[in-house]
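A.B. asks: One structure follows; several queries about it will come next.
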Amino acid sequence: MFSLYKKEVQSYFFSPFAYVISALFLLVFSLSFIRGISTMDSNVLKFSFSEIFYNNFFYFIFMIPLLTMRTFAEERQAKTETIWLSAPITIWQVVLAKYLAVVTVFAVMLLLTLVFPLIAFIKGSVVVSSLICGYAGFFLWGLVCIAVGMLTSALTDSPILAAVFGEGAMLIVVFLDRFTETALIQSMPAVAKVFQWFSTQSRFAGFSQGLFSLGDLVFFLTLSAVVLIWTIIIIEKRRWSRG
Amino acid sequence: MGKGHFNRMVEIKNLTKYYGLHPAVKDISFTVGDREVLGFLGPNGAGKSTTMNMITGCLPSTDGTVTVDGFDIAKDPMEVKKRIGYLPEIPPVYPEMRVRDYLNFAAGLKRVPRKDRKKQVDDAMERLHITDMQKRVIGHLSKGYRQRVGFAMALLGSPKFLILDEPTVGLDPTQVMEVRRLIQELSLDHTIIFSTHILAEVAAVCQRVVIINKGTIRAEDTIAHLEESVAGVPMLKMKIEGEMSKVTNILNSIDGVLGIDEVAFDSPGVNIFTVKVKNDNVRKPLVSTLVGQDCMVLEITSTKPSLEEAFVKLTQTGTTSREAAFEELGKKMEAERQAEEKAGKQKEAD
């Protein structure tokens, strides 16, 4: 399993792929950082990293499918999946190895953004506890999105389609809350309640305000696990109809 | 079946695969002995790859069992997969990786202990003559080299059992020869199943053949028997100067001539006759009689058709398609086998 993980991480960093996406991510992050500084109120002289995280997530969420689109779709297209299907390794080990590889890339991207708090720290002061919570929330939300991205990649054998499906799924993940708030859903409290179970934004909001809740942590981790299990099932199911 | 002293390495029983309602493989059973090379022969789309995918555990079967070295693929897939080296039709290589990195990765995937990896990868590259290519990116390699990298991958983890799906497709003749030599070399300490749709290939390296078409086994026999059944009758090709009807009469009148297979025009007054004969001894009376009656024999060649020629002939004449030819071949072999069995029983009765 470790070999597969290592190979996956290498394939991200040995191709321009991870670099281009990281660069794009940093560009977006720095733009919102600059905006944060330039719109600072001259009396209070303070801006919130949580807000930057929050805004960034809406951009970032559309980059995740680009990271995950190749995981299974490309392997199926190039028929390279036979190498791990015929090796003494189970499907769940494959899925986990690939997942951890994408998570590693994601973590590296997050680490790169530490440069902004660092600048803020040199020129002013940073509330460290709030910052850590913000990063934790961002990371956890990312975990769920990566799992969803891999799920869409397992559904098709075209990476492009996987990315498109992924974007659609991300839209659902992000805008589920807004959808729940509409009058139509609110008029049906039972339905609204179900939607609220899966609402990720409110939980992320908690983190970004510096509130670390065990319940939310468990929520993000279990949701990722469920989506990954779903991915395993889909791959197993598709294995039956391979040529 | 096969040679009695072999232990059964692989046992396939009633293997069946349906895609929806369409059966891709129907009720296939055969066994492969230890260190045996089995040719898996059939036209494209016969179900060869499907069967191989099921043996390697890539594809679950609808029904039936595959047992490798005593382990059932459905119950102990890990144990079976450890014992199998699989080279699929399209080698599963990652184009962005370098040859050595790829093989190292594959060795890890096959659970080769870390300390043995370097040696195994070196050995595999040595065997396939790709040591010079180890630093190259696979995507930049030619088809032949990619195939070799895939082959090297199949050898990692020292599996006892190799499954090679059309290992020579797309290779140039020298490479084909090399692969055949390699299979022969590997057969000393491996059990091998390899699929092909080229008959000559089977003749070159296999002891036994399973012929499959439309998802079912048409024949299963040794090469010697196969050769006898399809290429049993020796032929003479004669270029003869003389009136065609006269020559035909003479040919037919000679004892030992079984019939005239084909007459082709060569030049005015000269025709090429392909004659089925009992054996090569007919040549002498044939030529002397013809010459005695003023028909000049300009050329004479004895052709005992090779397996491939017979096969090609079988696919071109009489039947319209390659598939039908396979079917015919299978029927022929089956009939022969039954006749043999009958003869054996009679002997026993006597």
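The values are calculated or read from the model by the stated rules, or taken from the named source; none is laboratory data. Not measured: the values here are computed from a predicted model. Virtual Cβ from ideal backbone geometry, glycine too; neighbours counted across all protein chains shown.
A.B. asks: Cβ-Cβ below 7 Å, separation at least six or inter-chain, first residue in the stretch A:8-23 and more than 10 Å from every other protein chain (Cβ to nearest Cβ) and more than 21 Å from B:V99 (Cα to Cα), second at pLDDT 85 or above and surrounded by 16 or more Cβ atoms within 10 Å (Cβ to Cβ): which pairs?
C.D. replies: A:A18/A:Y12; A:A18/A:V105; A:I21/A:M63; A:I21/A:L66; A:I21/A:L67; A:S22/A:M109
A.B. asks: Name the residue that is modelled with the highest pLDDT, counting only residues in the stretch B:196-235 that are charged (D, E, K, R) and crowded, with 18+ Cβ neighbours inside 10 Å.
C.D. replies: Restricting to residues being charged (D, E, K, R) and crowded, with 18+ Cβ neighbours inside 10 Å, the top hit is B:R208.
A.B. asks: Something else now. State whether the residues of the stretch B:179-195 include one that is of a type in the set (S, T, Y), in the same structural domain as B:K26 (by TED's automatic domain parsing) and surrounded by fewer than 17 Cβ atoms within 10 Å (Cβ to Cβ).
C.D. replies: Within the stretch B:179-195, the subset of a type in the set (S, T, Y) is B:187, B:191, B:195.
Checking the rest, the ones that are also in the same structural domain as B:K26 (by TED's automatic domain parsing) come to B:187, B:191, B:195.
Now narrow it down to the ones that are surrounded by fewer than 17 Cβ atoms within 10 Å (Cβ to Cβ): none.
No: the stretch B:179-195 contains no residue that is of a type in the set (S, T, Y), in the same structural domain as B:K26 (by TED's automatic domain parsing) and surrounded by fewer than 17 Cβ atoms within 10 Å (Cβ to Cβ).
A.B. asks: Only residues that are closer than 28 Å to A:Y12 by Cα, hydrophobic (A, V, I, L, M, F, W, C) and surrounded by fewer than 19 Cβ atoms within 10 Å (Cβ to Cβ): list them for the stretch B:69-104, please.
C.D. replies: Scanning the stretch B:69-104 gives a single hit, B:I90.
A.B. asks: Where in the stretch B:1-102 are there strands (runs of 3 or more DSSP E), lying fully within it, with 2 or more residues that are farther than 25 Å from A:T71 by Cβ and facing chain A (nearest Cβ under 10 Å)?
C.D. replies: Output list reads B:8-19, B:84-87.
A.B. asks: Scan the stretch A:171-213 for residues that are within 30 Å of A:V128 (Cβ to Cβ), in a helix (DSSP H, G or I) and among the hydrophobic types (A, V, I, L, M, F, W, C) and report the count.
C.D. replies: Result for the stretch A:171-213: 5.
A.B. asks: Here's another thing I want to ask about it. Quick check on my filter: what residues within the stretch A:98-136 are among the basic types (K, R) and under 29 Å from A:E75 (Cα atoms)?
C.D. replies: If the condition is that a residue be among the basic types (K, R) and under 29 Å from A:E75 (Cα atoms), then A:K98 is the only one that fits.
A.B. asks: Here's a follow-up. Looking at B:R111 and the list (1) modelled with pLDDT of 90 or more; (2) part of a helix (DSSP H, G or I), which single condition is not satisfied?
C.D. replies: Single failed check for B:R111: (2).
A.B. asks: Can you name the number of the only condition in (1) among the basic types (K, R); (2) within 14 Å of chain B (Cβ to nearest Cβ); (3) exposed (fewer than 15 other Cβ atoms within 10 Å of the Cβ) that A:R76 fails?
C.D. replies: Exception for A:R76: condition (3).
A.B. asks: With a cut-off of at least 1 residues that are polar (S, T, N, Q) and over 11 Å from the mean Cα position of the chain (by Cα), name the helices (runs of 4 or more DSSP H) lying wholly within the stretch A:31-146.
C.D. replies: Numbers: elements: A:49-60, A:64-68, A:70-78, A:82-85, A:91-112, A:115-123.
Hits in the stretch A:31-146: A:49-60, A:70-78, A:82-85, A:91-112.
A.B. asks: If you don't mind, there's one more thing I want to ask. Name every residue in the stretch B:276-291 that is touching a helix residue (DSSP H, G or I) at 6+ places or on another chain (Cβ under 9 Å) and assigned to a helix (DSSP H, G or I), in order of residue number.
C.D. replies: B:L286, B:T289, B:L290
A.B. asks: Let me ask something additional. Report yes if B:I260 is in contact (Cβ under 8 Å) with a residue 12 or more places away in the chain, in contact with a helix residue (DSSP H, G or I) (Cβ under 9 Å, 6 or more places away or on another chain) and within 30 Å of B:A339 (Cα to Cα), otherwise no.
C.D. replies: Spelling it out, B:I260 is indeed in contact (Cβ under 8 Å) with a residue 12 or more places away in the chain, in contact with a helix residue (DSSP H, G or I) (Cβ under 9 Å, 6 or more places away or on another chain) and within 30 Å of B:A339 (Cα to Cα).
A.B. asks: A further question on this structure: What are the residues in the stretch A:159-168 that are among the small types (G, A, S) and within 10 Å of A:I61 (Cβ to Cβ), if any?
C.D. replies: A:G166 - this is the single residue of the stretch A:159-168 that is among the small types (G, A, S) and within 10 Å of A:I61 (Cβ to Cβ).
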